[in-house]
Structures are given as C-alpha cells and as structure tokens.
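Single-structure report; data block below.
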Amino acid sequence: MALLRHGKHVLVEKPITETVAQAEQLVAEAKSKGLVFQVGHLERFNPAVEAVENMISDPKFIEVQRLGSFSARSLDVDVVLDLMIHDLDIILALIKDEVGIIRSSGIHVLSEKNRHRQRRLEFKSGCVATLTASRVHQGKVRKLRIFEPTAYYSIRLHRPGGQGFPPERPADGHQNLQRSKKEEPLKKEIDNFLTCINEGRRARSAGRRACAPCAWAHAVLKEIGAGQAV
C-alpha cells in the first residue's frame, strides 16, 4: 500500500493479501492512481496452460492435483493459500462462468494448519472442477486434466509440455502441447509486468481478477470451518 500511495507500479507475490478486504483496498488504490498492480500467479504464464486455454471450447470436467512432501517452511500457512491458490487462478482463467456450489474437505497433519485439502466446484454451466492440494505426499505431483465431449488434455505443470487428444494431425493419437526451454514462466511474468507499464496495458491478474483467487481460497477455508457446503 505504501508503494502504491507513492505512485509505484507493483508486482506482488500470491496470495495477494491475508484478507479479501485488504486485496480490494489495494486494487482500488492502484486503480485510483492509474498504476499497474499485478499478482504473481506464475502458472498463468505456463506455456502449456496458455496453449490449452486457447484450445478448449466446452469443458465438462477438470481435475487438478498439486501434491508435495512435508515442508517445515510452510507450517504457518494453510495449504489452500500456499498451493491450491495457483489452481484456483488457473480454473478462473479456463472457465468463464459463475460457481453454483462449492464443496470442500481438509485435515490437519503434522501442524495446526491444514496440510491436505480437496475442493469441488460445480459451475452453473454444468462443468465440474475438482482440486486437491497436499503437503503430505511422497514426491511431487502437478497435474491438470481437462475433459470435453470431443477432446481430452493432460498437462504436467512442473514439466515441459502436455498432451491432447484427438490430435490436429492424427499420427500417434495425441498432439503435443510443447513448452520451449526459452519460455521460462517467471521471465514471461516479469516481461508482462514491464510491458503493461511501458504500453499502458492491463495486467492479467489485475482488478477483480486479482481478488478472485484470494476470495475463493477464503471461501474454502470458511466452508471447511463451518463443515458444510456454500
């Protein structure tokens, strides 16, 4: 907030703030001063995610898994705000629709903060998305799968590329969603931030889009605390 009040453009790490109200205050301050205020949702710049965003037309089911091993560095943060928020942002980019029902579950493992969360989003269009985030898994899993009536896409978020079926050129039954070694998501994110400043463009995660993943994350935390769907 101090930087914005001094007229500085800001690229801030996720989650944008601790509360939704704080996020809205920052967005309003940036808008009032005509500043670029971007949230660092790195997966938005994953080339495979960008590719599939332009390919899908009628998604019916989306499954996202973001699983990792126990880490002492994240004992003080819920896995929703630490890991799942990446995938909430991806879902927002892929599904241009309102959520009808949210169902969540979570457990405490090795700390007072939840280490394993599952979430189901049912959109008014009929599309269903399930998200799983965990800090108590052996090894690393970062997987996004999208199902349409006539197509299927599988993306490994932490490795180059992905696959889609059917292919544009039916050779081996799949099309590759290639990820160039030169397309480093972090560099693309920073380049996008600088371009928005220099050319007066709107950042991808700006305004309501900046607040939405935070709002959804807190909706999950509230819903699990209440023990019922919202």
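The values are calculated or read from the model by the stated rules, or taken from the named source; none is laboratory data. Note that the structure is a prediction, hence the values are computed from the model and not measured. Virtual Cβ from ideal backbone geometry, glycine too; neighbours counted across all protein chains shown.
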Checklist entry - Just for the stretch 16-26: of the residues that are of a type outside the set (Ser, Thr, Tyr) and surrounded by fewer than 20 Cβ atoms within 10 Å (Cβ to Cβ), which one is modelled with the lowest pLDDT? => result Glu18
Next on the checklist: Against the definition (modelled with pLDDT of 90 or more, part of a helix (DSSP H, G or I) and surrounded by 15 or more Cβ atoms within 10 Å (Cβ to Cβ)), how does Ile190 come out, yes or no?
Outcome noted: yes
Item to check | Exclusive hit being closer than 15 Å to Val52 by Cα, modelled with pLDDT of 80 or more and charged (D, E, K, R), set Arg156, Arg142 | outcome: Arg156
Next on the checklist: Just to be sure I understand, how many residues within the stretch 15-38 are over 19 Å from Ile197 (Cβ atoms) and more than 18 Å from the chain's Cα centre (by Cα)?
Outcome noted: 5
Checklist entry - Can you find even one residue in the stretch 61-68 that is under 14 Å from Arg145 (Cβ atoms), of a type outside the set (Lys, Arg) and buried (at least 23 other Cβ atoms within 10 Å of the Cβ)? => result yes
Checklist outcome for this item: Arg120: passes all of (1) surrounded by fewer than 16 Cβ atoms within 10 Å (Cβ to Cβ); (2) in a loop (DSSP other than H, G, I, E, B); (3) out of contact with any Asp or Glu (no Cβ under 8 Å at 6 or more places or on another chain); (4) at pLDDT 75 or above but (2)
Item to check | Residue that is modelled with the lowest pLDDT, among those in the stretch 60-97 that are touching a strand residue (DSSP E or B) at 6+ places or on another chain (Cβ under 7 Å) and among the charged types (D, E, K, R) | outcome: Asp78
Checklist entry - Hey, among Ala215, Ala219, Ala203, which residue is of a type outside the set (Asp, Glu) and either part of a loop (DSSP other than H, G, I, E, B) or at pLDDT below 75 (or both)? => result Ala203
Checklist entry - Picking from Glu50, Glu43, which residue would you name as being in a helix (DSSP H, G or I), touching a residue at least 24 places away in the same chain (Cβ under 8 Å) and among the charged types (D, E, K, R)? => result Glu43
Checklist entry - Considering only the stretch 1-40, how many residues are touching a residue at least 12 places away in the same chain (Cβ under 8 Å) and touching a strand residue (DSSP E or B) at 6+ places or on another chain (Cβ under 9 Å)? => result 21
